[in-house]
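All remarks here apply to the structure that follows.
The values are calculated or read from the model by the stated rules, or taken from the named source; none is laboratory data. Keep in mind that this is a model prediction, so the values were computed, not measured. Methodologically, a virtual Cβ is constructed for each residue, glycine included, from the backbone with ideal geometry; neighbour enumeration extends over all protein chains shown.
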Amino acid sequence: MRTLNSLNTSTETKRSAIVKAAMECFVEMGYTQATIEKIREYSGVSNGSLYHHFKCKEELAAAVYLEGITNYQEGISDILLKETSAETGVKAIVGYHLNWVNENKSWATFLFNMRSSDLTKDAEGALSHANERFYKLLNNWLKKQKVAGAIKDISSSSLLPLILGPCQEFSRLWLSGTLKTSLARAITDISEGVWRSVQA
């Protein structure tokens, strides 16, 4: 006899398989060409299971986007909660960002391609909540470092591009295959450059 917990686990496993399959299809075929049927084939679930979780392709795109963003933010949040040194924290954020992109190429590619899309409307509420929580933690950490005199006393709206901007640009070129620089060298160079740009 299946228990409620086993049913919940099975349901969550199927949902995760569908989201992962959708991500792969969107990256491989492009959002327009990826079909619900192709996503169902990739996931290996039945039509009933797929439509139980997602009514349409737009909902799937929103779910992929939201899960990618929250997965990324959780890693940064973990750093902020344990790092008290400004230099160590800033460099850890850079390293985490670049490693996350390298280890999650499909997710990162999807987020870069879809970040300005109206397809994220289906995730607006949850995305807004995740962003609010994430940026509150990040801004509080930056404020603490500014008060301690460890980083420049400039607005968070200026600090964030200084820290994440170089990471984003490198990631975009890295995913396109334009760069031949080793990831380890990039992490060292970019983290040092970012730190120099924000240290007090």
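Among the residues of the range 12-38, which ones are surrounded by 18 or more Cβ atoms within 10 Å (Cβ to Cβ), free of Cβ contacts under 8 Å to residues at least 60 places away in the same chain and under 19 Å from Ala108 (Cα atoms)?
Of everything in the range 12-38, those that are surrounded by 18 or more Cβ atoms within 10 Å (Cβ to Cβ), free of Cβ contacts under 8 Å to residues at least 60 places away in the same chain and under 19 Å from Ala108 (Cα atoms) turn out to be Ile18, Val19, Ala21, Ala22, Cys25, Ala34.
Regarding the range 55-62, can at least one residue be identified that is modelled with pLDDT under 95, closer than 23 Å to Gly193 by Cβ and part of a helix (DSSP H, G or I)?
Filtering the range 55-62 down to residues modelled with pLDDT under 95 leaves 55-62.
The next check asks that each one be closer than 23 Å to Gly193 by Cβ; those that pass are none.
The answer is no, given that none of the residues of the range 55-62 is modelled with pLDDT under 95, closer than 23 Å to Gly193 by Cβ and part of a helix (DSSP H, G or I).
Counting just the residues of the range 8-39 that are over 24 Å from Phe112 (Cα atoms) and charged (D, E, K, R), which one comes out modelled with the highest pLDDT? Let's see the steps before the verdict.
The initial filter retains those residues of the range 8-39 that are over 24 Å from Phe112 (Cα atoms), namely 8-14, 37.
With charged (D, E, K, R) added as a condition, the list becomes 12, 14, 37.
Details: Glu12: 79, Lys14: 84, Glu37: 88.
For the range 8-39, the residue satisfying everything is Glu37.
Tell me yes or no: at least one residue of the range 99-119 is within 27 Å of Ala34 (Cα to Cα), in contact with an Asp or Glu (Cβ under 9 Å, 6 or more places away or on another chain) and among the aliphatic types (A, V, I, L, M).
Within the range 99-119, one or more residues are within 27 Å of Ala34 (Cα to Cα), in contact with an Asp or Glu (Cβ under 9 Å, 6 or more places away or on another chain) and among the aliphatic types (A, V, I, L, M).
Answer yes or no as to whether Thr109 is in a loop (DSSP other than H, G, I, E, B) and either surrounded by fewer than 17 Cβ atoms within 10 Å (Cβ to Cβ) or at pLDDT 85 or above (or both). Lay out the reasoning, then the answer.
Values: in a loop (DSSP other than H, G, I, E, B): no; either surrounded by fewer than 17 Cβ atoms within 10 Å (Cβ to Cβ) or at pLDDT 85 or above (or both): yes.
When the stated conditions are applied, Thr109 does not pass them.
Any idea how many residues of the range 71-93 are touching a residue at least 60 places away in the same chain (Cβ under 8 Å), within 14 Å of the chain's Cα centre (by Cα) and surrounded by 18 or more Cβ atoms within 10 Å (Cβ to Cβ)?
Total satisfying the criteria: 2.
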